[in-house]
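Below is one structure, written out as structure tokens; the observations come after it.
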Amino acid sequence: MSDLRDLIGDDVDPEELNRLQRVHTLLEQAGPPPSLSPSLARPPASGGDVITFPRRYRPLAAAAAVAAAAVLFTVGYLVGNTGPSTEFTVAMSGSGGASGSLEIYAKDHAGNWPMRLHVDGLAEGKYALWLTRGGRLAEPCGSFAVAAGRANNVPLNAPYKLRSFDGWVVVPSGSKQPVLTT
Amino acid sequence: MDAAIAVRLDLPRAPGKASIPQVSADSRTDAELIGLVAAGDHRAFEELHRRYARPVLGIALRRIGDRGRAEDATQDTFASLWRSANRFDPTRGKATSWLFTVARNAIVDGLRRRPEPTVEAPPDVPEPGPGPDDAAESEWVSWRVHRALETLPDQERTLVELAYWSGFSQSEIADHVGIPLGTVKTRTRSALRRLADELGDELG
């Protein structure tokens, strides 16, 4: 334990010295604060990222998203259930001719849903696949990079209960604006 | 010996010799920020994260021990803060106390969801260390002190951390930082005064 006078010098009046001594004691009791790793440099993104639609289109967009998700989940299940381990396939679409399909394989014993995402027509860059709930980004399923002019086929994973979500979206890394939706 | 070496290798970066900057450009109170978070303000959320990430991680490490799980609990705490900010009532208590409760609840919930893996039955002996009341008191002191440290200008906070937890003498700190010994002591005293103001309730 260090002596307070060694730290701040001797020319302190007794009243102030007494006050600072109590701070000194609290500092020694508290111990050092932990250092933050890079993963804690920013608050969690899933805290409230909202996919924004123009206000007048929000009811229509929400209804369309729910309907499309329900239909595509059903169709995807029927169409995609031909492979040996594929549970279902979900189609995704975006502007500018971008498209994608998400093949979901059988859930493993730990609760992971392995997936393979095929995307085409996206601009070069980094993207992330998210599960959505109620028009919000809910849980991430992984990130991937797209090279210019190439179709991509990337393995991803969703360690969640899929029934509690209503769709998937692909967003550019660091953005909340979807470029592909179910 | 190894511990001493490890501490010295993890020294805070030496601050420059320029004049001490303002504590923070954001002078809003914690209570004001929580109110803004309740309204969906991401910048307010980031400012609260800047102020409280280390205090939250500190109590998570005390409770959990494992660094990775403590970091998960810290993220859980801020996710919980985002969801529950609209339940904060400034007439019923201080913001820092409410945030402390949010953090403790999130950490306990995280422990329930992700129980610590065990490889064998625990020994049938009393747990060493402080009892629950002492542990809670210790957590609260750390919470308040670590939060108060975040209010200091960077240069003063660095000096406090060097003085209390690096194992350096004040002369060694002066050499490390590159400022006269008298300035080290003056700035340390200034830092302790700021902390005394910030920790007024804890000083009794």
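Derivation of every value follows stated rules applied to the coordinates shown; laboratory data play no part. Given the structure is predicted, the values throughout are model-derived calculations rather than measurements. With ideal geometry, Cβ positions are generated from the backbone for all residues, glycine too; neighbour counts draw on all protein chains shown.
What's the average, rounded to a whole number, of partner chain beta-carbon atoms within 10 Å of each residue's beta-carbon in A:17-26? Please report the intermediate quantities before stating the final value.
Values: counts 0, 1, 6, 8, 3, 7, 14, 5, 2, 10.
Whole-number average of other-chain Cβ neighbours for A:17-26 is 6.
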- line: With R₀ set to 45 angstrom, the calculated FRET efficiency between the beta-carbons of B:THR183 and B:ALA39, to the nearest 0.05, is 0.55
query: From the backbone phi of the range A:91-101, what are the Karplus-calculated ³J(HN,Hα) couplings (6.51 cos²θ - 1.76 cosθ + 1.60, θ = phi - 60°) in whole Hz, Gly and Pro given as x?
result: 8, 10, 9, x, 7, x, x, 5, 8, x, 9
- prompt: Kirkwood Rh, the range B:156-204, all Cα pairs: how many Å?
  reply: 11.2
field: Partner lysines for B:LYS185 [C-alpha distance under 18 Å; skip if fewer than 8 residues away on the same chain]
entry: B:LYS17
- prompt: Which of the lysines could a cross-linker span from A:LYS176 if the Cα-Cα distance has to be under 26 Å and same-chain partners fewer than 8 positions apart are dropped?
  reply: A:LYS126, A:LYS161
